[in-house]
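Enquirer: One structure is given below, represented as structure tokens, and several questions about it will come after.
The values are calculated or read from the model by the stated rules, or taken from the named source; none is laboratory data. Since this is a predicted model, take the numbers as computed values, not measurements. A quick note on method: Cβ atoms are made from the backbone with ideal geometry, for glycine too, and the neighbour counts reach across all protein chains shown.
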Amino acid sequence: MIDRLSRIQLMIFAVVTVLTVGPISIFYLRLPEAVGIGSYNITADFSAGGGLYENANVTYRGVTVGRVESVGLSDHGVVAHMRLQSGTPVPDNVTATVKSVSAVGEQYIDLVPPDDAAQATLSDGSNIGMDRTAIGQDIYGLLQQADALVSSVGDSRLQDLLRESFKAFNGSGPELARLIQSSRLLIDEANANYGQTTQLIDQAGPFLEAQIRSGDDIRSLADGLARLTGEVVNADPQLRETLQTVPGATEAANTTFAGIRPTFPVLAANLANFGRIGVIYNKSLEHALVLFPALLAALNTVAGGVPTDEGGKLDFKVDLGDPPPCSVGFIPPSQIRSPADTTLRELPTDMYCKVAQNDPSVVRGARNYPCQEFPGKRAPTIQLCRDPKGYVPIGSNPWRGPPVPYGTPITDGRNILPPNKFPNIPPQVDPDPGPPSVQLPPGVAPGPGPAPHAPFPLPYPPNEPGQIPAPWPYFSPPDQVVPPYGRPPLAPPPPAPGAPPAAPPVAPPAAPPAPAGPLLPAEAVPQASASYDQNGVFVDPAGGTGVYAPGTDKLAPAENWVDLMLSPKQA
């Protein structure tokens, strides 16, 4: 039987025990968290342990929000099981980093939210992937590297460094104070621009990696610079002499440029225009440069294979106005001056034959220039080549009168023939001399007006060629007879089947002896010629192979006149 005093003592002891064991169980042993009250479990995948251990703290924004339950291995690295408090919401896109409290302190997991933190939070069973985890700097490795760096510096060199540093900074206290104060301002400015600084540091990583990858190239460049400086040292006398002559050359250049300064802008503008023209007509210029040597070679061959006293054989033809000269696009006849008037006057700059491009008059005129920028198109100027409408003719080139627009009915019987046919109308059957195409000079009385047309069709004059006369006999001079001289002719062809046998050939006379003395001009060996192909490869007179412009079909086209002056680029 327990007395009353013992019962009171037991009750007091029980109350003290509850008051003591309860807080210990709740705050130290964390029994509610162990049974899942007020907490939840998550996992995080790491590439390595990083010194992490069980019961390590888990912090969020510097505040402890949980602890590590266990650390184990997985198929791809290390998995850490953590228990977090339910009272602190943590975004589900946080980054888990294993950090250290100090150089020799304990490890912990720091949950860092990104700038764009998600609205969703971590819950029981959530996992932080390896792409959102990181391991802090290895303190042991860092200390080992620092120790190796300090050990690499000898004691004597360190003493020399300290001695020289003392000499350098001795008595410079005010200057150092101002330097530190300025450094503080610089640090404050750096803190104000922290975002830009971190972005610059992040962007410096790929740049430094590129420098590491190009280490061999940098070493090669340094070696080349070393050789260059060595050559500069060897050429020191020449460089000194050059530096002595540079002032005089500079003064002469300044004088020259000062003299051409008023006209240099005009020259530069003209060169720019010339360069644009050269770029546009680049293909034509290349074509001319390729064909011109072949043309000269052909002319040399023709001139060398004929008698020197007669020269090359040329064929001349007389033009009797078929087709007639083009008068469309030029100044009107009323403004044409007398040949005796030699005074200067302003004339239009766009005078050329402005008939249709398929008109037989002046077929090689400006209207049929090929457009270099638009293959297949033809126009007289670059502006018309770039114009969508292109070249528009004024009208036809009639035999008489002003130009007639195309599509206009022709009522004058003298203009019904095309320009490449003669209007075979004798003067005695022409009923109408036509109105004057130009105004009469002052003081000249006008003549009678045009006569009416005949009411009946006039007969066409005869235009039938007569019998062609026989050609005159021609005998070549002795010095123009092509060798061989007096050689027997070739054997006759065999007779056809069933034909009568041919008469036996007559024996040819004996060949005369070779002529003594120099060869005749017709017997001379023609001069050597060279033929070019599209790539500029040609056969020289000595029988070898030369190159004018190799591989020009694989070069990129020039964009401006500077590209034409520089080395060609591969396409």
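Enquirer: Being part of a helix (DSSP H, G or I) and in contact with a strand residue (DSSP E or B) (Cβ under 6 Å, 6 or more places away or on another chain) narrows it down to one of 294, 298, 269, 252, so name that one.
Expert: That would be 294, the only listed residue that is part of a helix (DSSP H, G or I) and in contact with a strand residue (DSSP E or B) (Cβ under 6 Å, 6 or more places away or on another chain).
Enquirer: Sort out which residues of the stretch 146-180 are of a type in the set (S, T, N, Q), surrounded by fewer than 10 Cβ atoms within 10 Å (Cβ to Cβ) and within 57 Å of the chain's Cα centre (by Cα), and write them in order of number.
Expert: The answer is 151, 152.
Enquirer: How about the stretch 130-164: which of its residues are at pLDDT 80 or above, farther than 30 Å from residue 52 by Cβ and not acidic (Asp, Glu)?
Expert: Within the stretch 130-164, 159, 161, 162, 163 qualify.
Enquirer: Determine, yes or no, whether residue 74 is under 59 Å from the mean Cα position of the chain (by Cα), hydroxyl-bearing (Ser, Thr, Tyr) and modelled with pLDDT under 85.
Expert: no
Enquirer: Taking the stretch 34-83, which residues are in a loop (DSSP other than H, G, I, E, B) and among the basic types (Lys, Arg)? Break it down into steps so the answer makes sense when it comes.
Expert: Start the filter on the stretch 34-83 by keeping residues that are in a loop (DSSP other than H, G, I, E, B), which leaves 35-38, 47-56, 61-62, 74-77.
Listed by number, the list holds a single entry, 61.
Enquirer: Here is a follow-up. Can you pull out the residues in the stretch 209-244 that are under 30 Å from residue 115 (Cβ atoms) and either exposed (fewer than 10 other Cβ atoms within 10 Å of the Cβ) or among the polar types (S, T, N, Q) (or both)?
Expert: Across the stretch 209-244, the qualifying residues are 210, 211, 212.
Enquirer: Now a separate question. Test residue 93 against the stated conditions and say whether it is polar (S, T, N, Q), in contact with a Pro (Cβ under 7 Å, 6 or more places away or on another chain) and in the same structural domain as residue 57 (by TED's automatic domain parsing).
Expert: Considered against the rule, which asks whether it is polar (S, T, N, Q), in contact with a Pro (Cβ under 7 Å, 6 or more places away or on another chain) and in the same structural domain as residue 57 (by TED's automatic domain parsing), residue 93 comes out as yes.
Enquirer: Name the residues in the stretch 372-401 that are surrounded by 14 or more Cβ atoms within 10 Å (Cβ to Cβ), under 24 Å from residue 286 (Cβ atoms) and free of Cβ contacts under 8 Å to residues at least 24 places away in the same chain, would you?
Expert: Result: 377, 378, 379, 384, 385.
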